[in-house]
Each structure stands twice: as C-alpha cells, then as structure tokens.
Amino acid sequence: MGTVLGTMRNVRWHELQHAYGSASQIPGVLSRIAWGDAPDSDEALGDLERWIGAPTVFDSTVATVPFLWELAATDTVRNRAGVLDLLATILAAGNAEHPTWTRAAHDAVVAGRATAARLAAAPEETQPTRSVRATAERLLASIDRHTCPACPPHEA
C-alpha cells in the first residue's frame, strides 16, 4: 500500500457499519480513490458518500475521515476536490440515533482544518488545481462556521 493509506490496515473495519452493513469494503474503496483512474475514482467516491455520509454518518465515517484528509493532501489523487466535497458532506450530515457518531465525525473533519487551509492558500503555480483550492476554501468556511446540536462551538 505504500505510505498513502498505510495505516488503514490498523482499523478493524469488519467491526464497523455503514449505511448498507459491514464497513469491510471501505479499504478497497479508499484504495480506488487513491490509485484508480478518473472514472473508477469518481465511482468509488460516490459509493463512499452513500455508505458513510449522506445523509447519515456512521461509526465507519469516523474511521474513514482521517484517510479522506490524507487523500485530499496527496497530489497524485485524481479527484481531490471530490474528496474535499465528501468531507463537507460529512460535516453537514448527522445521525439522530447516534449523536456521538455525529460529533466524532464532525470533530474528525474539523481536525483537518490545517490541511484545508494549506490547500486553499496554495500559490497558483503549485500542485493544487484551481478547483481543489476553491473547494478547500468552501470547506474551510464550512468548518469555521460549523454549528450543530451534537457539536460544541469549534475554535478556528
């Protein structure tokens, strides 16, 4: 697996749930996002959004978010803007039956604020594309103004 997603094997995915059952498939989907061609990566992002973030978050969402931040920060990932959009979706989602999952998922998104700020502030001539910078700016704004019943106010 290399250094990107290298710690993914430390998560007990089979013990976690997503919208359709066991989260044991999530490592494969994250790998498709990391190394797949554009159509495969886009399909994997769509699958992951349905499984862990829209409209409900799960315990697997909490485990997945750090890897999404890792993918967003990796220059070779084809759809970094899509990954950032998924993080924004997770920040806006919740789970009324499991508010601790909601808070933990939101906290995990907020924990990546520095990555979003770095991507948003990247100079024109560096790797992040204009769409990645713009998406990072929107996510950063969402993080900074995030409020929900499950989360205490976050400091920017």
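The values are calculated or read from the model by the stated rules, or taken from the named source; none is laboratory data. Keep in mind the model is a prediction, meaning the values are calculated, not measured. Here Cβ is always computed from backbone atoms with ideal geometry, including for glycine, and neighbour counts include all displayed protein chains. Heavy atoms of the whole protein, side chains included, go into the accessibility calculation; ligands, DNA and RNA do not. Shrake-Rupley method; radii C 1.70, N 1.55, O 1.52, S 1.80 Å.
Based on DSSP H runs of at least 4 residues, each adding -39500 (n - 2.57), what is the mean residue ellipticity at 222 nm of the chain after dividing by all its residues, to the nearest 500 deg cm²/dmol? Kindly include the intermediate steps, with their values, before the conclusion.
On the way: 7 runs with 88 residues, N = 156.
Estimated from H runs of four or more residues: -17500 deg cm²/dmol.
Near the amide H of GLY94, under 5 Å away, which other amide H atoms are found, from residues 5 or more places off or on another chain, if H is placed in the peptide plane?
VAL57
When the accessible area of the chain is computed with all protein chains present and a 1.4 Å probe, what percentage of it is carbon and sulfur?
Numbers: 4090 of 7680 Å².
On the chain, the fraction of accessible area on carbon and sulfur atoms equals 53 percent.
³J(HN,Hα) across segment 105-122 via Karplus (A = 6.51, B = -1.76, C = 1.60, θ = phi - 60°), whole Hz, x for Gly/Pro?
5, 5, 4, 5, 5, 4, 4, x, 3, 4, 5, 4, 5, 5, 5, 5, 9, 5
Amide H of HIS18 versus every other amide H placed in the peptide plane: which residues, excluding those fewer than 5 positions away on the same chain, fall under 5 Å?
Long-range HN contacts for HIS18: ALA23.
For segment 19-30, just list the computed ³J(HN,Hα) in residue order, Karplus coefficients 6.51, -1.76 and 1.60, θ = phi - 60°, integers in Hz, with x standing in for Gly and Pro.
4, 10, x, 4, 8, 4, 7, 4, x, x, 5, 4
I need to check one value: relative contact order of the chain, counting alpha carbon pairs closer than 8 Å and at least 6 residues apart, in percent. Spell out each step's value before the answer.
Details: 216 pairs, mean separation 29.7, N = 156.
Averaging sequence separation for qualifying contacts and normalising by length gives 19 percent for the chain.
Could you list the residues of segment 76-106 with an amide nitrogen less than 16 Å from a label point located 7 Å from the Cα of ARG130 in the Cα-to-C-beta direction?
What the label zone holds, given the 16 Å backbone N cut-off, is 81.
Expressed in nm to one decimal, what extension gain is obtained for the pair ARG50 and SER31 from 0.36 nm per residue of sequence separation less their Cα-Cα distance?
Answer, rounded to one decimal: 5.2 nm.
Just the accessible area for GLU43, please: 1.4 Å probe, Å², rounded to the nearest 10?
Estimated to the nearest 10 Å², GLU43 gives 110 Å².
Looking only at trypsin sites (Lys or Arg not before Pro) in DSSP loops with at most 16 other Cβ atoms within 10 Å, what is the longest site-free stretch of the chain? Before the final figure, lay out each step's value.
Numbers: sites that count: ARG12, ARG145.
Result for the longest clean stretch: 13-144.
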